[in-house]
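The values are calculated or read from the model by the stated rules, or taken from the named source; none is laboratory data. From a predicted model like this one, the values you see are computed outputs, not experimental measurements. We place every Cβ from the backbone using ideal geometry, glycine too, and count neighbours over all the protein chains shown. These area figures cover heavy atoms from the full protein model, side chains too; ligands, DNA and RNA do not enter into them. Shrake-Rupley method; radii C 1.70, N 1.55, O 1.52, S 1.80 Å.
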Amino acid sequence: MKDVMISIKGAHRPHLAEEDSFELITGGTYHNEGAETMFSYMETEMTGMAGTRTTFHVSPEKVTLTREGTMNAQMIFEQGKKHLFLYETPYGATGMGVDTRRLFADFGVPGGDVEIDYTIDVDGVVVSENSFVISVRESGRGLGA
């Protein structure tokens, strides 16, 4: 594991509403071993999920996002496939689906990038369209490197 800087740029468009975008730069940890990559960071008050650790496991064909803490979920992103997941909050749990329209990941020893474009549905009804671009870089190398 090594310390990294993680840049997350995302967009969230709820059904029949305007798009909301965000950008977060935070410290985290990173491990790369061949085709398998893992990075994680702690959520903050800004994201509304303080006390939650978010972890990404990246393999050649899929990305798994796991949240543990005040919010709990495991979302599997696999291009062209839909996966169901349980989203647990302090207020209750909801079953949802994630349908990945586009997935790109390129990681190596110093870091890398992942881009995901997906929809979220509840009981088969799409409730939002989402996308994010994440860049992971060794601390001190800069996010533009």
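If I go through the stretch 107-122 residue by residue, how many of them are more than 22 Å from THR37 (Cα to Cα) and either open to solvent by 20 Å² or more (accessible area, probe 1.4 Å) or in contact (Cβ under 8 Å) with a residue 60 or more places away in the chain (or both)?
1
Which of the residues belonging to the stretch 77-101 are within 15 Å of VAL114 (Cα to Cα), open to solvent by 40 Å² or more (accessible area, probe 1.4 Å) and β-branched (Val, Ile, Thr)?
Within the stretch 77-101, no residue meets the criteria.
Could we say that THR54 is without any contact (Cβ under 8 Å) to a residue 60 or more places away in the chain, under 19 Å from THR100 (Cβ atoms), touching a Lys or Arg at 6+ places or on another chain (Cβ under 9 Å) and among the hydroxyl-bearing types (Ser, Thr, Tyr) here?
Yes; evaluated as a whole, the condition is true for this residue.
Which residue out of THR66, THR52 is open to solvent by less than 40 Å² (accessible area, probe 1.4 Å), more than 18 Å from ALA11 (Cβ to Cβ) and touching a Gly at 6+ places or on another chain (Cβ under 7 Å)?
THR52
Tally time: how many residues in the stretch 34-49 are in contact with a Gly (Cβ under 9 Å, 6 or more places away or on another chain) and open to solvent by 50 Å² or more (accessible area, probe 1.4 Å)?
Qualifying residue count, the stretch 34-49: 1.
Among the residues that make up the stretch 81-93, is at least one of them on the phi < 0 side of the Ramachandran plot, modelled with pLDDT of 95 or more and polar (S, T, N, Q)?
No: zero hits.
Which condition does PHE104 not pass, out of (1) over 17 Å from LYS9 (Cα atoms); (2) surrounded by fewer than 16 Cβ atoms within 10 Å (Cβ to Cβ); (3) not β-branched (Val, Ile, Thr), if it passes all the others?
The one condition PHE104 does not meet is (1).
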